[in-house]
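Have a look at the structure below, then the notes.
What follows draws every value from the coordinates through simple rules; no lab data is involved. Predicted, not measured: the structure shown is a model, and the values here were computed from it. Cβ coordinates were reconstructed from backbone atoms using ideal geometry, including for glycine residues, and neighbour counts include every protein chain displayed.
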Amino acid sequence: QKEVEQNSGPLSVPEGAIASLNCTYSDRGSQSFFWYRQYSGKSPELIMFIYSNGDKEDGRFTAQLNKASQYVSLLIRDSQPSDSATYLCAVSSASKIIFGSGTRLSIRP
Amino acid sequence: SAVISQKPSRDICQRGTSLTIQCQVDSQVTMMFWYRQQPGQSLTLIATANQGSEATYESGFVIDKFPISRPNLTFSTLTVSNMSPEDSSIYLCSVVGSGVAFFGQGTRLTVV
């Protein structure tokens, strides 16, 4: 079992709609959870992090964490073409950060 | 957030040769991390570089192939040794600040 799992996509969402990205992790001891965005040919950049169960909102982005289900999600409201990228879920475990395989998101006009 | 400078940004190398990638951080950090991102794939942790001790390698990665130096708290190097086309990848240096990972701009390596 992979430590961090994501659906590879591609996920296609119409402009202005909500994009929902999901991630599960295997280590129950994980404490910190991250979403990174990576444009083609660029390094990953941090979008959000979450430590506690529940929702955390930042502008158009909402991260959701459910530790009992070992599940993290990212919602992107009012999706824009510039949101088209690969989204990487990452989990902090045993002093290192482990990344999922990423979900390719495509926002269609 | 930390500012991480990585070089070279890209290189094309002959098989059988070695390439050393440098990573410089603008602040002192205890641990630095080296990742590999193969085409179309996510980031795979190669090793954790600790100042004053040997690097800690992840399963599937060995010191002979990926020797790492960490001479001080702001600098590290990763060498890709005896390269083959399968080593063509992006190599990323990373540091963790306040629990968050930050990345250098990456080194795009092509082995021919």
State whether one or more residues within segment B:88-95 are surrounded by 13 or more Cβ atoms within 10 Å (Cβ to Cβ), away from chain A (no Cβ under 11 Å) and aliphatic (A, V, I, L, M). no
If only one of B:LEU73, B:LEU45 is within 24 Å of A:SER40 (Cα to Cα), free of Cβ contacts under 8 Å to residues at least 60 places away in the same chain and out of contact with any Gly (no Cβ under 7 Å at 6 or more places or on another chain), which one is it? B:LEU45
A:VAL91 vs (1) crowded, with 22+ Cβ neighbours inside 10 Å; (2) more than 26 Å from B:VAL3 (Cβ to Cβ): all pass except (2)
Within segment A:89-109, how many residues turn out to be more than 14 Å from the chain's Cα centre (by Cα) and assigned to a loop (DSSP other than H, G, I, E, B)? 3
Pick from segment A:57-88 the residues that are free of Cβ contacts under 8 Å to residues at least 40 places away in the same chain and within 14 Å of another protein chain (Cβ to nearest Cβ): which of them is farthest from the chain's Cα centre (by Cα)? A:ASP58
So, in segment B:48-95, exactly how many residues are among the hydroxyl-bearing types (Ser, Thr, Tyr), closer than 21 Å to B:VAL29 by Cα and not in a loop (DSSP other than H, G, I, E, B)? 9
Residue by residue through segment B:22-42, note down the ones that are crowded, with 22+ Cβ neighbours inside 10 Å, more than 26 Å from A:ASN7 (Cβ to Cβ) and either without any contact (Cβ under 8 Å) to a residue 12 or more places away in the chain or touching a Leu at 6+ places or on another chain (Cβ under 7 Å) (or both). B:TRP34
What do you reckon, is A:ALA17 small (Gly, Ala, Ser) and closer than 16 Å to A:LEU105 by Cα? yes
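Rundown of residues vs (1) surrounded by fewer than 19 Cβ atoms within 10 Å (Cβ to Cβ); (2) touching a strand residue (DSSP E or B) at 6+ places or on another chain (Cβ under 8 Å), yes/no style:
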{"residue": "A:ASP27", "(1), (2)": "yes, yes"}
{"residue": "A:TYR36", "(1), (2)": "no, yes"}
{"residue": "A:LYS42", "(1), (2)": "yes, no"}
{"residue": "A:ASP58", "(1), (2)": "yes, yes"}
{"residue": "A:PHE61", "(1), (2)": "yes, yes"}
{"residue": "A:THR86", "(1), (2)": "no, yes"}
{"residue": "A:SER95", "(1), (2)": "yes, yes"}
{"residue": "A:GLY102", "(1), (2)": "no, yes"}
Taking strands (runs of 3 or more DSSP E) that fall entirely within segment A:43-88, which contain at least 1 residues that are on the phi > 0 side of the Ramachandran plot? A:54-58
Examine segment B:67-84 for a residue that is more than 16 Å from B:LYS7 (Cα to Cα), within 14 Å of chain A (Cβ to nearest Cβ), surrounded by fewer than 16 Cβ atoms within 10 Å (Cβ to Cβ) and in contact with a strand residue (DSSP E or B) (Cβ under 8 Å, 6 or more places away or on another chain), and state whether such a residue exists. no
Whether any residue in segment B:4-18 is in contact with a helix residue (DSSP H, G or I) (Cβ under 7 Å, 6 or more places away or on another chain), more than 14 Å from chain A (Cβ to nearest Cβ) and not in a strand (DSSP E or B) is what I want to check. yes
